[in-house]
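Novice: One structure coming up, written as structure tokens, with questions to follow.
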Amino acid sequence: MSVTEPVLSQPVAATISPMTEHDLLEVVEIEQTSGLSPWGWDAYHRELQSSDRGLMWVARLENKSIGERSLAGYVVGRLAADELHINNIAVRQEFRRAGIARALLSRLLSEAKEIRAARAFLEVRAGNKAAQALYENCGFCAVGRRRNYYSNPAEDALIMTLEV
């Protein structure tokens, strides 16, 4: 994923709420424009329908005059044993660097703490310095590397973790 200059440089008011099936078209659109490894509609839908410990949140804009779309971003995680694996987090290009990713991550980590997760971990592209800075500012530390974890383009992943 390439990082470009954001259109906004100040916080945007958003409400964090559980993801629903009605959000999936916009979630997939955000995914496609964010350079994430694609899950697609079916995978998100299965995750929503699963009785497992999936944690899925969206950021809805409170001031719709900022943009035409209601969803600014989303985060998806899954609890396995006492670990939260953060699978995806993405924010629309025009709302990056406005505090939305931090708010989504904070809500997900708060939920993980409530359900007694001991730690959270994620993989991030080795070249995605903006995302790494966000995670570090939220307390995550790099603990390892997965060689050639990503494709299109091929790239290593840094493994980052946080004690919840």
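Novice: In whole percent, what relative contact order does segment 14-163 give with Cα contacts below 8 Å and a gap of six or more residues?
Specialist: 19 percent
Novice: How large is the charge dipole for segment 14-164, taken about the Cα centre, if only the Cβ atoms of Lys, Arg (+1) and Asp, Glu (-1) carry charge, to the nearest 20 debye?
Specialist: So the dipole magnitude of segment 14-164 works out to roughly 420 debye.
Novice: So, one more: Can you bin every Cα-Cα distance in the chain into 5 Å intervals starting at zero and give me the percent of pairs per bin, rounded to whole numbers?
Specialist: The percentages, shortest bin first, are 2, 9, 18, 22, 22, 18, 8, 2, 0.
The numbers here are math on the coordinates, done by the rules we state, and not lab data. Remember, predicted model here, so these are calculated numbers, not experimental data. Neighbour counts run over all protein chains shown; Cβ positions are idealised from the backbone, glycine included.
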